[in-house]
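Student: Can you read through this structure? Questions will come right after.
The values are calculated or read from the model by the stated rules, or taken from the named source; none is laboratory data. Quick caveat: nothing in here was measured; it's all calculated off a predicted structure. Positions of Cβ are generated from backbone atoms using ideal geometry, with glycine treated the same way; all protein chains shown enter the neighbour counts. We work out accessible area using only protein heavy atoms, side chains counted, and drop any ligands, DNA or RNA first. Shrake-Rupley method; radii C 1.70, N 1.55, O 1.52, S 1.80 Å.
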Amino acid sequence: MRVLVTGAAGFVGAATTHLLLNRGDDVVGIDNLNPYYDPKLKSARIERLAEEVRFNFIEMDCADQDGMAKLFHDENFDAVVHLAAQAGVRYSLDHPFAYLEANLNGFLTVLEGCRHHDIKHLVYASSSSVYGSNQNLPFSVRDNVDHPISLYAATKKSNEHMAHVYAHLYGIPCTGLRFFTVYGPWGRPDMALFRFVDAILKNEPIPVFGEGEQTRDFTYIDDVVEGVLRTLDTPATANPNWDPHSPDPGTSAAPWRVYNIGGGRPVPLLDFISCIEACLGQKAVMDFLPMQPGDVRHTEADVQDLSDAVGYTPSTSIDVGIPRFVEWYRTYYQV
């Protein structure tokens, strides 16, 4: 299979590309290498991928309409994994226009490419942030998600709507994956695990928002990418029992699906920090702070739908995943 992976220099994008290549697929990866976080880390991920002969990297922005149209025309893709996006809830408070350009305009060029070039399946990244003000735990794809509390979340919910339109009008199988907090080696420097390890090793205080009462459904990278590939291999289909008088939010009469992809085990933030301390052999200096605008206090994924559909079974606990990240961090940064 010939696959386009957008955001290939990103955390999940690079890991997904590795797994696709390992199983024998041809992959074209694109990324604009923007400076939201250290581009050197992104370049290092691409350098590892470049060793594979079936991988071709193109530096490109998904919002480049002409460039993306030419890419789809030239490359004859079978499927697309769209992971490129402007990430981050807090960043969206100060840089809102970056989210409109990357997450809406960029996604539209991908949908148009799929429309005009007979793409067999589009799998794209949504986010657990779409649950917004919902406090029913665990979060289910059956839940209403009409009350986002950050612009980032609003753009991700918009992606789900846009994909549904293209599935309905043009019959493109589209599957959205609502990612819950992903962590592991080669992770993002703006995420909690990376920031906490970095600060603790430098004897700097770590910000603990929500006065330490938050819980998160931390999801290890290997579990995530296995779920992405299982989903990619199972194109979305219409739900023959979908009832327009009592619509199921997670399925459709069109070939459209949305799933949670999480660990299914919420972890108190203070337990997460304790595990980091044990791995580092060093105590954290914690700066307890109130909740940040746009953040939610608790996340927990109901992954039963994805498990039923593709056999997704996350199995990596933080007791395993955090030490693997710390080992990678010490090696990569030579500390």
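Student: Cβ-Cβ distance below 8 Å, separation of 6 or more or different chains: which pairs start in region 314-335 with a residue that is more than 13 Å from Val267 (Cβ to Cβ) and end on one that is assigned to a helix (DSSP H, G or I) and hydroxyl-bearing (Ser, Thr, Tyr)?
Tutor: Close Cβ pairs (under 8 Å, with a partner that is assigned to a helix (DSSP H, G or I) and hydroxyl-bearing (Ser, Thr, Tyr)) amount to Val335/Tyr329.
Student: Residues to consider are Ala309, Ala278; find the one that is open to solvent by 20 Å² or more (accessible area, probe 1.4 Å) and closer than 30 Å to Tyr170 by Cβ. Explain how you work it out, then say what you get.
Tutor: Values: Ala278 fails: closer than 30 Å to Tyr170 by Cβ.
Among Ala309, Ala278, only Ala309 is open to solvent by 20 Å² or more (accessible area, probe 1.4 Å) and closer than 30 Å to Tyr170 by Cβ.
Student: Any idea which of Arg115, Arg90 is touching a Phe, Trp or Tyr at 6+ places or on another chain (Cβ under 7 Å) and of a type in the set (Lys, Arg)?
Tutor: Answer to the selection: Arg115.
Student: At least 2 residues that are of a type outside the set (Ser, Thr, Tyr), open to solvent by 30 Å² or more (accessible area, probe 1.4 Å) and farther than 28 Å from Gly262 by Cα in each: list the helices (runs of 4 or more DSSP H) lying fully within region 63-129 that qualify. Don't jump to the end; show me each part of the working.
Tutor: Details: elements: 65-75, 91-94, 96-99, 106-116.
Once the helices (runs of 4 or more DSSP H) in region 63-129 are filtered for at least 2 residues that are of a type outside the set (Ser, Thr, Tyr), open to solvent by 30 Å² or more (accessible area, probe 1.4 Å) and farther than 28 Å from Gly262 by Cα, what remains is 65-75, 106-116.
Student: Sort out which residues of region 312-335 are in a loop (DSSP other than H, G, I, E, B), out of contact with any Lys or Arg (no Cβ under 7 Å at 6 or more places or on another chain) and buried (at least 16 other Cβ atoms within 10 Å of the Cβ), and write them in order of number.
Tutor: Pro314, Thr316
Student: On to the next question. So, in region 132-163, exactly how many residues are assigned to a loop (DSSP other than H, G, I, E, B), closer than 28 Å to Ile318 by Cβ and either touching a helix residue (DSSP H, G or I) at 6+ places or on another chain (Cβ under 7 Å) or among the polar types (S, T, N, Q) (or both)?
Tutor: As a first pass, look at region 132-163 and keep what is assigned to a loop (DSSP other than H, G, I, E, B): 132-138, 140-150.
Next, only the ones that are closer than 28 Å to Ile318 by Cβ stay: 132-138, 140-143, 145, 148-150.
Remaining after also requiring either touching a helix residue (DSSP H, G or I) at 6+ places or on another chain (Cβ under 7 Å) or among the polar types (S, T, N, Q) (or both): 132-136, 140-141, 143, 145, 148, 150.
Selection size over region 132-163: 11.
Student: Follow-up question, since we're still on this one. Looking at (1) open to solvent by 20 Å² or more (accessible area, probe 1.4 Å); (2) of a type in the set (Phe, Trp, Tyr); (3) within 30 Å of Leu93 (Cβ to Cβ), which one does Trp242 not meet, given that it meets all the others?
Tutor: (3) is the only condition that Trp242 fails.
Student: Follow-up question, since we're still on this one. What are the residues in region 133-153 that are of a type outside the set (Phe, Trp, Tyr) and either within 25 Å of Asp308 (Cα to Cα) or at pLDDT 95 or above (or both), if any?
Tutor: In the first step, residues of region 133-153 are kept if they are of a type outside the set (Phe, Trp, Tyr); the result is 133-138, 140-151, 153.
Asn134, Gln135, Asn136, Leu137, Pro138, Ser140, Val141, Arg142, Asp143, Asn144, Val145 - these are the residues of region 133-153 that are of a type outside the set (Phe, Trp, Tyr) and either within 25 Å of Asp308 (Cα to Cα) or at pLDDT 95 or above (or both).
Student: Before we move on, is Ala14 out of contact with any helix residue (DSSP H, G or I) (no Cβ under 6 Å at 6 or more places or on another chain) and among the aliphatic types (A, V, I, L, M)?
Tutor: Working: out of contact with any helix residue (DSSP H, G or I) (no Cβ under 6 Å at 6 or more places or on another chain): no; among the aliphatic types (A, V, I, L, M): yes.
For Ala14, the condition - out of contact with any helix residue (DSSP H, G or I) (no Cβ under 6 Å at 6 or more places or on another chain) and among the aliphatic types (A, V, I, L, M) - is not met.
Student: Could you grab me the full set of residues in region 164-184 that are under 20 Å from Val303 (Cβ atoms) and outside any strand (DSSP E or B)?
Tutor: Of all residues in region 164-184, those under 20 Å from Val303 (Cβ atoms) come to 174-184.
Those that are under 20 Å from Val303 (Cβ atoms) and outside any strand (DSSP E or B): Phe180, Thr181, Gly184.
Student: When you look at Ala102, is it of a type in the set (Gly, Ala, Ser), within 22 Å of Trp186 (Cβ to Cβ) and touching a Ser or Thr at 6+ places or on another chain (Cβ under 6 Å), yes or no?
Tutor: No.
Student: Output the number of the condition that Val197 fails; it satisfies all remaining conditions of (1) touching a helix residue (DSSP H, G or I) at 6+ places or on another chain (Cβ under 8 Å); (2) open to solvent by 10 Å² or more (accessible area, probe 1.4 Å); (3) part of a helix (DSSP H, G or I).
Tutor: That leaves (2) as the condition not met.
Student: Take the conditions under 30 Å from His116 (Cα atoms), free of Cβ contacts under 8 Å to residues at least 60 places away in the same chain, of a type in the set (Ser, Thr, Tyr) and open to solvent by 40 Å² or more (accessible area, probe 1.4 Å) and apply them to Tyr166. Does it pass? Let's see the steps before the verdict.
Tutor: Numbers: under 30 Å from His116 (Cα atoms): yes; free of Cβ contacts under 8 Å to residues at least 60 places away in the same chain: yes; of a type in the set (Ser, Thr, Tyr): yes; open to solvent by 40 Å² or more (accessible area, probe 1.4 Å): no.
The answer is no for Tyr166.
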